[in-house]
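A short reminder: the numbers here are calculations on the coordinates, not readings from a lab. Note that this is a predicted model, so its numbers are computed, not measured. Neighbour counts are summed over all protein chains in view; Cβ atoms, including those assigned to glycine, are modelled from backbone coordinates with ideal geometry.
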Amino acid sequence: MKISVTRLLIYIILAIFSIFYIIPMYIMVVTGMKSFAEISLDTMWNLPISFNFNSFSLAWLGSTKEGFRGVSGSFLNSVFLVIPATVISALFGSLNGYVLTKWRFRGSDLIFTMILFGMFIPYQSIIIPLVLTLQRLHVYGTIPGLILVHVIYGIPISTLIFRNYYVTVPTEMVEASKIDGANFLGIYRWVIFPLSTPGFAVAMIWQFTSIWNDFLFGLIITPNPASQPITVALNNLAGSYIVQWNIQIAGALLTALPPILVYLFLGKFFLRGLLQGSLKG
Amino acid sequence: MQIKGDKWIPILFITPSIVAVGIFVYGFISWTSFISFTKWNNVIPDYTLVGFENYRKLFANMRFQIDLHNTFVFTIIFVTSCLLIGLLLAVLIDQRIKGEDIFRNLFLLPMAVSFIVSGVIWRWLFNPGSLQLGNIGVNQLFEKIGLNFLTCGWYTDPNIGIRAVAIAAIWQFSGYTMALYLAGLRGIPLELREAAAIDGANQWKTFYYITLPFLKPITFGAIIILGHISLKIFDLVVAMTGSGPAFSSDVPALFMYDTTFRGNHFAQGASIAIILLLLVSLLIIPYLITTFRKEA
């Protein structure tokens, strides 16, 4: 087989860029695997001599002797936070998307646009009243408080995802059911919901990833280590001078693992969510 | 056909979301604006109105001036690099190459991880080392492959500062623009390109006159999304550099956090947040209105 010069050039450019994308992941994996004897900043590019998971176990469990917390507790906090928040915001998004596409009313487009604005705002602009309100509701500093916050600020994106999905569901199906005498909830239950699996997949994967990766809300709403999500715990681990850099990087890999697994196994839906965030309708 | 009485039920079901967004987005923004006009710059709330005093102080503040400049530099580098790299990679991947899936997945993978994760790793990659250690991280890599002239202090050098953070951000988001452009390229009707080829246009001409105009709306959308991300950038800076020497990697969002939650200057912090919101709104509202008009 003959490869033309242009073809070769294409592969060379792609390979060079691949190096740029691989480097941080390479360092993350290689550093995590090294034994403490091998850990030295001036040999950080070398491959490990043997497999060793001490960095991971220290990052996970922490060390009472050296006096730093591992990320295990926060990992579980994130799990307990992300699952209900993802499911609830997907349900809201589904209902909203259904109303905004199949039961449009006067002003519904304007309402949709106004809801959508909420996904672009810098959260700094609502964070002070948010803290005051959560304190008043006695959920400040708690995981339920954080769930509430993620559900509410997740409404815009999940509504957008489901609206874009339900636009592709033929309205005639809904109209036919209406003639047959089915009501709003009946049509949702028997016509729309059974068709919604792809919509739920996209919305839930998107919400899972963004809630897992959130830092700002976790940082400000849960200052106490006992209810902190994992991104905040990682930032504390990495900001501590007594924690060695290989433990920090192992912590980074542990934090990145769930979204990376989701991406590897459900990448198709992840990509669809990504494209919908910017290409509307 | 609409069944009477059913008209209000859909509205009833969407009402909780409307109320929640109404309060938590629009209500809270108004509340923050109100705080920004008060004297509440202490632990105990003080709602005495002081007009634009907090804003006047803010714009006179050296740190805020540096922040605005940093945001501008970061936005330009980040947005243009993501667009150019994304377009280049998309065009290359679109050439029916082998291993397309592998390249595409690799370039997109950084999108899945948190800014905190990438910040921690890039902090160590851009660690310039020291006299005892010699070059480490990326500098060491440059040394090994004979590109010594590229070694530098990265984020420890005030002249680089935020630009080092931009590189990490490009690593995370250029795959996103690639995916956008690739979807766009795949959407161009084949007949259009074939027609151009029959008319004798060479590849460059086809690209310039057919492909690029076709990708215009995607570029526009990407600029809005990337632009608003760079205005809001916070997590990556916190995890990677912090404010940096002479605030060289400081950004408004970090200044807001320091002012409000470390310094207890709530009114001053609120004023930073409102300026940040205005900047984002300048970008987003025209975009939302044009999208809304197209559909109405």
With the label point 7 Å along the Cα-to-beta-carbon line of B:SER33 and a cut-off under 18 Å to each amide N, the hits in the range B:43-62 are B:49-56
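Can you classify the protein assembly as shown as rounded, prolate or oblate using the Cα gyration tensor, where a ≥ b ≥ c are the square roots of its eigenvalues, rounded means a/c under 1.5, and otherwise it's prolate if a/b beats b/c and oblate if not?
Cα axes put the protein assembly as shown in the oblate bin.
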Provide the per-residue ³J(HN,Hα) series for the range A:174-184, in order, calculated from phi with Karplus coefficients 6.51, -1.76, 1.60 and θ = phi - 60°, each as a whole number of Hz, with x at glycine and proline positions. 5, 4, 4, 5, 4, 4, 5, x, 6, 9, 3
Based on the Cβ-Cβ distance of B:TRP8 and A:LEU76, what FRET efficiency does E = 1/(1 + (r/R0)^6) give at R0 = 45 Å, to the nearest 0.05? 0.55
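Can you list the trypsin sites (Lys or Arg not before Pro) in the range B:84-115 that are in a DSSP coil and have 10 or fewer other beta carbons within 10 angstrom?
Working: sites: B:ARG96, B:LYS98, B:ARG104; in loops: B:ARG96, B:LYS98.
Listed in order of number, the matching sites are B:ARG96, B:LYS98.
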What helices does chain B hold that run 27 Å or longer along their axis, going by alpha-carbon atoms, with a Kyte-Doolittle average of -1.0 or more, using DSSP H for the helix calls? B:62-93, B:162-186, B:212-232, B:266-295
Computed [θ] at 222 nm, helices only, for chain B once each DSSP H run of length n ≥ 4 contributes -39500 (n - 2.57): -21000 deg cm²/dmol
Applying 1/(1 + (r/R0)^6) with R0 = 41 Å to the Cβ-Cβ distance of A:TYR241 and A:LEU91, what FRET efficiency is obtained, to the nearest 0.05? 0.40
Under the rule of at least 5 residues apart or a separate chain, name every residue whose amide H is placed under 5 Å from the amide H of B:THR38. B:VAL50
How high is the relative contact order of chain A, given as a whole-number percent (alpha carbon pairs under 8 Å, six or more residues apart)? 27 percent
How would B:HIS69, B:HIS228 line up from fewest to most surrounding beta-carbon atoms within 10 angstrom? B:HIS69, B:HIS228
Rg/Rh for chain B to two decimals, with Rh computed the Kirkwood way over all alpha-carbon pairs. 1.06
With Cα atoms, 0 to 90° folded angle of helix A:245-276 axis to chain A main axis: 30 degrees
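Going down the table (A:LYS268/B:LYS144; B:LYS98/B:LYS205; A:LYS178/A:LYS268), which pairs top 28 Å between alpha carbons?
From the list (A:LYS268/B:LYS144; B:LYS98/B:LYS205; A:LYS178/A:LYS268), the Cα-Cα distance tops 28 Å for A:LYS268/B:LYS144; A:LYS178/A:LYS268.
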Quick check on chain A: what does the Kirkwood estimate of hydrodynamic radius come out to from the alpha carbon pairs, in Å? 21.8 Å
Comparing B:PHE115, B:PHE103, B:PHE74, which has the greatest mean-square fluctuation in the GNM of chain B with Cα pairs linked when under 10 Å apart? B:PHE103
With each run of n ≥ 4 DSSP H residues scored as -39500 (n - 2.57), what mean residue ellipticity at 222 nm is computed for chain A after dividing by its residue count and rounding to the nearest 500 deg cm²/dmol? -23000 deg cm²/dmol
Treating the angle as unsigned and between 0 and 90°, give the value, to the nearest 10°, between the Cα long axis of helix A:5-33 and the longest Cα principal axis of chain A. 70 degrees
Using a 10 Å cut-off around each Cβ, can you sort A:VAL29, B:VAL238, A:VAL131, A:VAL99 from fewest to most neighbouring Cβ atoms? A:VAL29, A:VAL131, B:VAL238, A:VAL99
I want to verify a result. In a Gaussian network model of chain A, Cα cutoff 10 Å, which of these has the top mean-square fluctuation: A:ILE127, A:ILE88, A:ILE161? A:ILE127
Kindly express, to the nearest 10 degrees and within the range 0 to 90, the angle between helix A:72-102's C-alpha long axis and the longest C-alpha principal axis of chain A. 20 degrees
For A:GLY62, which sequence-distant residues (separation of 5 or more, or a different chain) have an amide H within less than 5 Å of its own amide H, given hydrogens modelled in the peptide plane? A:GLY70, A:VAL71
Given labels modelled 7 Å from the Cα in the Cβ direction, how far is it in nm from B:LEU278 to A:LEU9? 4.9 nm
Sequence of A:SER240, A:SER55 once ranked by neighbouring C-beta atoms within 10 Å, starting from the fewest: A:SER240, A:SER55
Alpha carbons only, please: Rg and Dmax for the range A:64-161, in angstrom. 17.1, 65
Here the longest stretch of chain A that holds no trypsin sites (Lys or Arg not before Pro) in a DSSP loop having at most 15 other beta carbon atoms within 10 Å is A:107-281
Percentage relative contact order, the range A:5-52, counting C-alpha pairs under 8 Å, at least six apart: 33 percent
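Round to the nearest 0.05 the FRET efficiency obtained for A:ILE49 and A:GLU172 when R0 = 60 Å and r is the Cβ-Cβ distance.
E(calc), rounded to 0.05, equals 0.35.
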